Amino acid sequence: MPLALLARAALFSSSMAMPTTRSSSSRVPRASRAELNPGVKEVKREPGVSFDLSKPEAVASVKRKNVKRVLEVTEENLKKEVDIVPAIEDFRYGKVSPSLIRLEKKVRASSVIKVGAPENWEAILTGIKSMRLSGEAPVDTKGCEKAAAVERLSEKGLLDPDAIVRTDEATLANLIKPVGFYQRKAKFIKEASKICLERFGGDIPDSLNELLALKGVGPKMAHLVMSIAWKNTQGICVDTHVHRISNRLGWVFREGTKQKTTTPEQTRMSLEKWLPKDEWEPINPLLVGFGQTICTPLRPKCDMCGINNICPSAFKESSSPNPKQKKIRPS
DNA sequence: ATCCGGGTCG
DNA sequence: CGACCCGGAT
């Protein structure tokens, strides 16, 4: 099964399409955070505290009331019950449907936070989750199985390594034309399929390093695939949205400085230092959708943003950039 | 009409 | 850091 995912992954590594999981089967048993991150100091918080809803940071806490119930959430309901915000787990791939969202309030273990985390990060996440509930971001509806290129491959039975290696590159390339860089990707997919057949029994490798060894698979896709295909999150999948938004929020810094990060890998490492591991996987679809709709690369819609009161970058770049005077270079 | 962005490789 | 491609924004 995960092979199809790899093909898709390779295909879409630089497009907006994102893989979605079909089954939400069992989860990998998780170790305690202390075990996972030895050396990271932890602080206990008192549960069951109530807060003023008018304050953004309170919203997160109210959400944590340990009420267990199942409800249907519509946009209308949302307005009535500010209280209904899904746990971040519910933003895992495929779990958020566009108009109607089923969610289960869970008893969460978010009473433990790491030292070094930005003060308001939980409130920020909660605010973003609220904005994401409409499910109108492309990432919610244009999952990879709906993408034209994948459908075309699928019709030809080409989501399969044996079939792929027997197909010539030009044919492959033509089929995946809808995606960018299709010629390179056709080549990569063929090469990867061959390796998968020879060394991994026709499946994709299940380790980060083996994935990274495949041409065309970089950190972003490798971490995504480990999370989604193997349900074994090894790191945060940092794409351009996670990178940009993390910096706008002041969540990440270059090692030993308080400067913004300049590469996705810096962002990943910086984020992983404080973001609880439970959130590593869902943070990607959450921020991607947010980045596609509100916190856009240029002219972010800060006036539409529910956390513009606590975002350090709010309205900082909303106005059209001062048309810097064109430098006329003396010839 | 042009330009820019995006993940990865070389 | 350019090349790969094309969609989308300007």
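The values are calculated or read from the model by the stated rules, or taken from the named source; none is laboratory data. What you see is a predicted model; the values in this text were computed from it and never measured. With ideal geometry, Cβ positions are generated from the backbone for all residues, glycine too; neighbour counts draw on all protein chains shown.
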Out of the residues in the stretch A:275-316 that are crowded, with 17+ Cβ neighbours inside 10 Å and of a type in the set (Asp, Glu), which is nearest to DNA strand C (Cβ to nearest atom)?
A:GLU281
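What about A:GLY202, is it of a type in the set (Gly, Ala, Ser) and not assigned by TED's automatic domain parsing to the domain that holds A:LEU153? Spell out the reasoning first.
Details: of a type in the set (Gly, Ala, Ser): yes; not assigned by TED's automatic domain parsing to the domain that holds A:LEU153: no.
Against the criterion (of a type in the set (Gly, Ala, Ser) and not assigned by TED's automatic domain parsing to the domain that holds A:LEU153), A:GLY202 does not qualify.
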Complete set of residues in the stretch A:184-211 that are away from DNA strand C (no atom under 15 Å from the Cβ) and among the small types (Gly, Ala, Ser)
A:ALA192, A:SER193, A:GLY201, A:GLY202, A:SER207
So in the stretch A:209-222, with the set limited to residues that are of a type outside the set (Lys, Arg) and buried (at least 18 other Cβ atoms within 10 Å of the Cβ), which one is farthest from A:LEU197 (Cα to Cα)?
A:PRO219
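Across the stretch A:188-204, which residue is nearest to DNA strand B (Cβ to nearest atom) among those that are part of a helix (DSSP H, G or I) and among the charged types (D, E, K, R)?
Here the answer is A:GLU191.
Considering A:ARG268, A:ARG248, which residue is in the same structural domain as A:PHE290 (by TED's automatic domain parsing) and buried (at least 21 other Cβ atoms within 10 Å of the Cβ)? Full working, then the answer.
Numbers: A:ARG248 fails: buried (at least 21 other Cβ atoms within 10 Å of the Cβ).
It is A:ARG268.
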How many of the residues in the stretch A:172-184 are within 16 Å of DNA strand B (Cβ to nearest atom) and crowded, with 17+ Cβ neighbours inside 10 Å?
4
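Residues are listed down the side, and each one gets a yes or a no for (1) in a helix (DSSP H, G or I); (2) within 16 Å of DNA strand B (Cβ to nearest atom):
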| position | (1), (2) |
| --- | --- |
| A:LEU153 | yes, no |
| A:LEU159 | no, no |
| A:THR167 | no, no |
| A:ALA170 | yes, no |
| A:ALA186 | yes, yes |
